[in-house]
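The structure under discussion appears below in the form of structure tokens.
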Amino acid sequence: MPTLSSRLLPSVTNMIRLDHTHVLSTFHQYKAAAPARVRKGLASTIFTALEIHAQLEEEIFYPAMGDIEGGDAILGDSVSEHAEMRRLIDLLRRMEPEAIDYDATLMSLMRNVLHHVADEETQVLPQAERLIPDQLGELGLRMTKRRMELVAPRSGEIALNMARAASGNKVAITLVVVAAAAGCVLMGSRRRTRAFSARRLLRR
Ligand SMILES: [Fe+2]
Ligand SMILES: [Fe+2]
């Protein structure tokens, strides 16, 4: 029986949709004419979000779908599409944004992502909501807990990427620095506070 907290938290399917929206809205800010620093910040934000999202799906959501009859057929090529996505991300992480084929490789990654997201949102998620409605809250709760574990060690990298992406936008960068500092206070970590210091973020 679903717990009270799992019924109050967003379902795993809505959480997955929110992740997709975040990645696509970051991609929509990516412009070929933008400075390399901004493009790198946006691209790295996309990479980290995709890596965490794919790991969460593979650890929590896909196994739950695989357990139901016909679940593997519904998932189709999802896992191999994640593998191709990771291959392109690894390639892009080893490139500089000034490289002549950087934008083209990023567009190739995003074409794959758009195709994958379309399959999940039009087939996998609706089928999950039809076939395992009672599990969605509990799976959402597990995903939230696991996300915190995956994000915590990468919080400095995430803040730095966001700061780079916001370069030139003083309001946005101030919000990033304030949010990062607030996160450090909440986490009570002196080490992280040093890593997130406004001076350090703005210097890079
Ligand atoms: Fe997804
Ligand atoms: Fe996926």
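Structure notes:
- If R0 is 45 Å, the Cβ-Cβ spacing of Ser25 and Asp72 corresponds to a FRET efficiency of close to 0.90.
- Counting protein heavy atoms only, the stretch 95-161 has 57 percent of its accessible area on carbon and sulfur, 1.4 angstrom probe.
- Just the protein heavy atoms count here, and of the accessible area of the stretch 1-84 at 1.4 Å, carbon and sulfur take up 60 percent.
- Rounded accessible area of Arg164 (nearest 10 Å², 1.4 Å probe): 50
- Solvent-accessible area per residue, Å², over the stretch 54-172 with all protein chains present [probe radius 1.4 Å]: 53
- Within the stretch 1-83, the GluC sites (Glu not before Pro) that combine a DSSP coil assignment with at most 15 other C-beta atoms in a 10 angstrom radius are Glu69.
- Given in Å, the Rg to one decimal and the Dmax to the nearest whole number for the Cα atoms of the stretch 1-147 are 16.5, 55.
- Qualifying GluC sites (Glu not before Pro) for the stretch 125-164 [loop in DSSP, other Cβ within 10 Å: at most 16]: none
The values are calculated or read from the model by the stated rules, or taken from the named source; none is laboratory data. Since we're looking at a predicted model, the values are computed, not measured. Here Cβ is always computed from backbone atoms with ideal geometry, including for glycine, and neighbour counts include all displayed protein chains. Only protein heavy atoms, including side chains, enter the accessible area calculation; ligands, DNA and RNA are left aside. Shrake-Rupley method; radii C 1.70, N 1.55, O 1.52, S 1.80 Å.
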